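Input: a single structure, listed below in structure tokens.
The values are calculated or read from the model by the stated rules, or taken from the named source; none is laboratory data. Keep in mind that this is a model prediction, so the values were computed, not measured. Here Cβ is always computed from backbone atoms with ideal geometry, including for glycine, and neighbour counts include all displayed protein chains.
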């Protein structure tokens, strides 16, 4: 049994967009995307039950090694970091191609993702990766169990819950309701440095640099601007009619 | 009735934080040398040890899998580092001799010009800088950035950095320091274990180096436990600073004194400001005030906001944007407040934690680096010999006494009479002396701890400018800018009495740059409750100076400074 | 430019979010906006799609499309897009639609921009608007591929009927990929009626220190009930023990973006703001006219929550009958 967990190194602190490249400035401090910590935790929980090997897979700048190390400190067994100048600026099409190529190599029984990247607010990557891997995908998992070569997920939706089963190998994105990520123990932190960690380039994965990164991106940022001011913002004094005024406002906005 | 914060001491006993190892012997984590604090002192120590161990692999061998470990309570090295900072480069040069040039370090360049002003509300009088304030040949740094860089160098020479880990207790057995116990993680507000509770660990070492910086938790514990405190109490100043992106390069370092501080002797408002260039497009501006002030409404944060409204300073910031904010205390007792010894069995003490700051020159980073380097050499010599008898580390005291740290601090020890409270303070004092026609009794100035100052109220807060979100800012948005996103649901790490006279509660509420304290319900008898928001805390340490006690929160809490 | 809109339905109702996107699509200058409806009994819903601007509706009622799972939908959509030559496919964000859009992106090597709040034609080119970095920046995004895939933030557009006529209907045959048959829904539970959780709620009524006392949270709870929403709290009141941490909204609590956020006695410190500023509509009641919350409210009411809120709750209940 092998579980791969895809994790992202995201900027921390006051994030900014570089006005020249129009990309998120990734030169500053960063850390493990906190939604991904839920995915690592879930893998470790499954590992405790099934003796699985847990492999952390990440794509990002060399600094992403910090986040990978954090996942190792939590208890993952080894790591795979795809770090290559050519991947910078990848959009969904490129990122999913790179991750899928790395995951093909690993041939894991289960691929886990966190439900969202806190930097790009993206909540889509797993479905694209699953499509490339041609495997079943289930997202928004708030409970996950494995049995006899298949998985069972309780998925949260806008309307309630679905219980979904799928055969392994499969791809699952977990919600942050699924668990409370553990703190790395001090022993874990100290041991993380010594765990096997491999860094791969695009060439190692047999990928063409023109197909990914900024060069291969199918989307682009055209301009940055200030957010539009809130439409017709207004303030009223709370005289005796304030409640009625609020109700009228809500009715006008079709909120009641 | 005279009210003093020191009459309401925090519920705190040193012995709570001194313990025998608790983990079974086979579960203890053993390291060679344990350094507490990834600041300039601790990292210099780790780097020097790494250099020595690279030269002597047979000694490294004896130190096991982890010859050097550095504990850091912040999210990462640099997260809790804040300083001016104009750095005297000699200690860094010595540490990296033959390895790195100063230009390889993340500096904002050498100081080429400087100016000192005495401010009044509208005007600024330029005065010639006194000799202690000449900064040619010194370098501007962001200490936070420097810390990150030093941490990378330390890892390169084999140190293991353990961030997000608080050193909570000093492990002592048979009178000898054995290491530290790290703080638990994953407790709720009420102290109960949460689902992801992770207990602390006993981390044992042949030598433990405390390099915790100002108001170091275990440094304080060790000074008391081993009876190392000087006869003179330590005293502090509080600095609050911001980093601004600006349109025009500043090009010189500026110090100011006078306004917005008041010169009346009874206020004891001693301090000043610094404005340093950070390359072509940034500057840092800070306000420093001695914590022996008396006005319960004094707020260093709001003084900094007020300072920025001065026409001369507003001009420097015109069209700019505030990009960082932070606060930290500075030990300012100088030579007379240094501990009687800088070592105890198994233990070495470095840097700001023991007050190695040259207040007339406004400098301490080079002493931190130098003391860390010397601690490394003493620790190395001790472990190389194999045995660590009680006196094995006394060579460190010897080395510090022979170093420039000692001679510098000794040289300015009596400037304390006028300049002992720093250049700003000295300047302000000189003004105060003039104003009081010499009635100010200088000899008694620093005889008592900061918390023992009688409190007074003068409606001072009415003068602070209302935050406009462009030039002036409130405390909460500043805390946000510090990157602080501390987990709220954890036990409070701040020890203060929770029912105190209103003046004391107001003192804490105004003093704290991070809005941790609030004046709560009125008890009807002149006392109020003190409400706490500990997750706002940026661990500046002012509360320990002014009648409370700061403990380390869960590892990884607090600010996440990157530019300060 | 030919536009295709992915419509989502639940039970026998087309989802308002996707109808809003359809209505928006109809304003973009394509006379033949088409929609796709996949699942059991969707044929009956097709003519409603016409009234929101769809000239043509593709329908597929295959059993495989009955459960709300994405991959079979990717298979069908990929075929429609290829054969119909659609240049742009629009989605309204949902658990299901996000996965469909991303799967389609990989299948067709097509660019996907998500979290969009608006889209427009600039010199004949499609440009999307996406707020970023906690909505502090607005980013204009474009596509370098055809088809262009766009996923819009929930509630980005009002579902306004365009008055279109009966759409042309085309039935689709369904051929599924092997991996699209893997997942099965074995059980479905609708949310219980105890009220929505704070993360899913369309309406949140949040209380701050201006409520004055923990008992006053009853005001927030009653208003939330009347609006069918959930109750949130600021860090200050959670710190003070007035309300549980699970309801805390802000930097160190939950991040929410409901359609309506009602802030009662909340000053609007940045720590709170970053957790709720992407709410569609913000109504704030605070007696301090200088409270920062008014700077990012759609409706600010300077007044006493204790006076206004009970009246508002009563009016809402009256209205509901």
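Observations on the model:
- Residue A:121 meets each of the listed conditions (1) at the interface with another protein chain (Cβ under 7 Å from one of its Cβ atoms); (2) crowded, with 22+ Cβ neighbours inside 10 Å; (3) under 19 Å from residue C:94 (Cα atoms) apart from (2).
- Of the strands (runs of 3 or more DSSP E) entirely within region A:1-57, those holding at least 1 residues that are buried (at least 21 other Cβ atoms within 10 Å of the Cβ) and away from chain B (no Cβ under 14 Å) occupy A:2-7.
- Filtering region C:294-306 to residues that are more than 7 Å from chain A (Cβ to nearest Cβ) and under 21 Å from residue C:222 (Cβ atoms) leaves C:305, C:306.
- Looking only at region A:69-92, and only at residues there that are closer than 17 Å to residue A:125 by Cβ and either over 15 Å from the mean Cα position of the chain (by Cα) or more than 14 Å from chain C (Cβ to nearest Cβ) (or both), the one that is surrounded by the most Cβ atoms within 10 Å (Cβ to Cβ): A:71
- Subset of region B:273-331 (residues that are more than 21 Å from the chain's Cα centre (by Cα), part of a strand (DSSP E or B) and within 30 Å of residue B:449 (Cβ to Cβ)): B:295
- Hey, residue C:239 free of Cβ contacts under 8 Å to residues at least 12 places away in the same chain and over 26 Å from the mean Cα position of the chain (by Cα) or not: yes
- One residue from B:169, B:206 being surrounded by fewer than 24 Cβ atoms within 10 Å (Cβ to Cβ), over 26 Å from the mean Cα position of the chain (by Cα), touching a residue at least 12 places away in the same chain (Cβ under 8 Å) and assigned to a strand (DSSP E or B): B:206
One line per residue, one yes/no per condition, for (1) closer than 27 Å to residue A:16 by Cβ; (2) outside any loop (DSSP other than H, G, I, E, B); (3) more than 7 Å from every other protein chain (Cβ to nearest Cβ); (4) without any contact (Cβ under 8 Å) to a residue 40 or more places away in the chain:
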| position | (1), (2), (3), (4) |
| --- | --- |
| C:98 | yes, yes, no, no |
| C:114 | yes, yes, no, yes |
| C:156 | yes, no, yes, no |
| C:165 | no, no, yes, no |
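Per-residue answers, yes or no, for (1) under 23 Å from residue C:109 (Cα atoms); (2) crowded, with 22+ Cβ neighbours inside 10 Å; (3) within 16 Å of the chain's Cα centre (by Cα):
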| site | (1), (2), (3) |
| --- | --- |
| C:149 | yes, yes, no |
| C:160 | no, no, yes |
| C:166 | no, no, no |
| C:182 | yes, yes, no |
| C:200 | no, no, yes |
| C:203 | no, yes, yes |
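- Filter result for residue A:102 (part of a helix (DSSP H, G or I) and away from chain C (no Cβ under 11 Å)): yes
- For region B:128-151, the tally of residues that are more than 22 Å from the chain's Cα centre (by Cα) and modelled with pLDDT of 90 or more stands at 1.
- Matching helices (runs of 4 or more DSSP H) fully within region A:181-256 where at least 3 residues are more than 23 Å from the chain's Cα centre (by Cα): A:186-192, A:242-252
- Annotation for region B:38-46: no member residue is free of Cβ contacts under 8 Å to residues at least 40 places away in the same chain and either part of a loop (DSSP other than H, G, I, E, B) or touching a strand residue (DSSP E or B) at 6+ places or on another chain (Cβ under 6 Å) (or both).
- Residues (in contact with a helix residue (DSSP H, G or I) (Cβ under 7 Å, 6 or more places away or on another chain) and not in a helix (DSSP H, G or I)) located in region B:57-71: B:63, B:66, B:67, B:68, B:70
- Region C:193-237, residues that are farther than 22 Å from residue C:255 by Cα and either facing another protein chain (nearest Cβ under 8 Å) or in contact with a helix residue (DSSP H, G or I) (Cβ under 9 Å, 6 or more places away or on another chain) (or both): C:212, C:214, C:216, C:219, C:222, C:226
- Total residues in region A:213-256, condition within 7 Å of chain C (Cβ to nearest Cβ) and closer than 23 Å to residue C:137 by Cβ: 15
- Exactly one residue out of C:270, C:285 is within 9 Å of another protein chain (Cβ to nearest Cβ), under 18 Å from residue A:247 (Cβ atoms) and within 27 Å of the chain's Cα centre (by Cα): that is C:285.
- Of residues in region C:31-63 being farther than 15 Å from residue C:80 by Cβ and in contact (Cβ under 8 Å) with a residue 40 or more places away in the chain, the one surrounded by the most Cβ atoms within 10 Å (Cβ to Cβ): C:52
- In region C:116-128 there is no residue matching the filter, namely being part of a strand (DSSP E or B), over 17 Å from the mean Cα position of the chain (by Cα), touching a residue at least 24 places away in the same chain (Cβ under 8 Å) and at the interface with chain A (Cβ under 7 Å from one of its Cβ atoms).
- Looking across A:141, A:128, one residue alone is within 17 Å of the chain's Cα centre (by Cα), facing chain C (nearest Cβ under 9 Å) and buried (at least 21 other Cβ atoms within 10 Å of the Cβ). It is A:128.
- None of C:183, C:132 is farther than 30 Å from residue A:160 by Cβ and facing chain A (nearest Cβ under 8 Å) except C:132.
- Within region B:279-321, tally of residues that are touching a residue at least 60 places away in the same chain (Cβ under 8 Å), in contact with a helix residue (DSSP H, G or I) (Cβ under 9 Å, 6 or more places away or on another chain) and within 20 Å of residue B:80 (Cβ to Cβ): 5
- For the criterion of being over 30 Å from residue B:160 (Cα atoms) and more than 9 Å from every other protein chain (Cβ to nearest Cβ), residue A:200 fails.
- Qualifying residue in region A:145-161 (condition: at the interface with another protein chain (Cβ under 7 Å from one of its Cβ atoms), under 29 Å from residue B:196 (Cα atoms), over 16 Å from the mean Cα position of the chain (by Cα) and assigned to a strand (DSSP E or B)): yes
- Test for residue A:195: is it closer than 26 Å to residue A:114 by Cβ, surrounded by fewer than 19 Cβ atoms within 10 Å (Cβ to Cβ) and either touching a strand residue (DSSP E or B) at 6+ places or on another chain (Cβ under 9 Å) or at the interface with chain C (Cβ under 7 Å from one of its Cβ atoms) (or both): yes
- Residue that is farthest from the chain's Cα centre (by Cα), among those in region C:248-267 that are within 14 Å of chain B (Cβ to nearest Cβ) and farther than 16 Å from residue C:202 by Cβ: C:267
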